[in-house]
């Protein structure tokens, strides 16, 4: 029998450990060159998504699951000066008091520069995933548009992702894609909706086969190529009562060549093992916790494509997390045949045996620079803290720069209730913008963003 998921909150005690960063108007050296460490919000929450307006690179938007002011069901934080200053808005016009969400709005811009937010909501007799639009960069929002209702009995909708197709060469340019996990009491599927009118109307299909019995599907991520090819990566695992902690798992991929209407049969990206520690939560399932803690972590196989037109054009990249040698490790795998076969996963950055690496994210700049960010405990081998790190590659992921620290102050993971979706990033030109939860000068947990420039040839 399902037990409802309680809203997740981050409450952290944080410690100082490191020098201050160079400010945005100062020069700096090293790799990476961190030019800004800005506070987005005083609210502390796990999941955050970031989008940058392709029609106006000054506009940054972050969707966040935490409470902010009167935004009790998630907020959008927006900036018109490349992240130096931030304002905030709620994305929930007309939502009834008995409807709630524990997930951050997934945000993205359509080809004309309108902002779209996607978020699941739950109430006493069902669940839906909705979209809303803003034409002023997040200050005001119009009504909500239904993407889909849950299709299974006693279903929970989660792991929402939004991916716009803004490529001029794509036959589906302007189309929006939204993926989400539809998790019923004894069935689950990852579904993808598509919209050709900026999120007002949607058509939704099952992108994966329906899992039944003890199998669980979750943690979907989308990527779209400049040829319009659409990719969905996700995790599959099987466990008693759908509890997968400490068990083998598979990272899988499906592809659509017709704009999200039909999907290929799944192929296996990689095998993995989930950590044995249980999450201290009333979840009816578990994928394991950060080792030595009860903090929930995500295991999303984040996927990206090289759309640069360079020597590694069309190469697929995925970063994944596995439990090996009694620690979590971040691995990278690549594919040059549209995901049919994948390279053996290998570490992005070696670290001490006792140090966990988790919450990876990968993306590729328009010039073909690959960026991987993750949370790392190498400076805190006794698991007393973690810091966001980054590494860059200019040879298609074959080699990476030495990892660089994105924030010098360390957070304490053992007091966190939820690390789910802790960091994500996006490119603006040749600058990488990473969003994460970290301490302010007084040690309070805050939503933050760094702007880093890779020091590569």
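The values are calculated or read from the model by the stated rules, or taken from the named source; none is laboratory data. This is a predicted model, so every value here is computed, not measured. Cβ coordinates were reconstructed from backbone atoms using ideal geometry, including for glycine residues, and neighbour counts include every protein chain displayed.
Can residue 143 be described as closer than 15 Å to residue 195 by Cα and touching a residue at least 24 places away in the same chain (Cβ under 8 Å)? Spelling it out, it is not the case that residue 143 is closer than 15 Å to residue 195 by Cα and touching a residue at least 24 places away in the same chain (Cβ under 8 Å). Yes or no: residue 290 modelled with pLDDT of 80 or more and crowded, with 21+ Cβ neighbours inside 10 Å? When the stated conditions are applied, residue 290 passes them. Consider only pairs whose beta carbons are under 6 Å apart and that are at least six residues apart or on different chains; among these, list those whose first residue lies in region 92-117 and is closer than 17 Å to residue 140 by Cβ and whose second residue is modelled with pLDDT under 85 and not in a strand (DSSP E or B). From residues that are closer than 17 Å to residue 140 by Cβ, the pairs are 92/73; 105/74; 105/91; 117/91.
Suppose we filter 396, 421, 443, 408 for residues that are part of a loop (DSSP other than H, G, I, E, B) and at pLDDT 90 or above; which single one remains?
396
Tell me, which residue of region 146-165 that is surrounded by fewer than 19 Cβ atoms within 10 Å (Cβ to Cβ) and in contact (Cβ under 8 Å) with a residue 24 or more places away in the chain is nearest to residue 90 (Cα to Cα)? Among those residues, the one meeting the criterion is 146.
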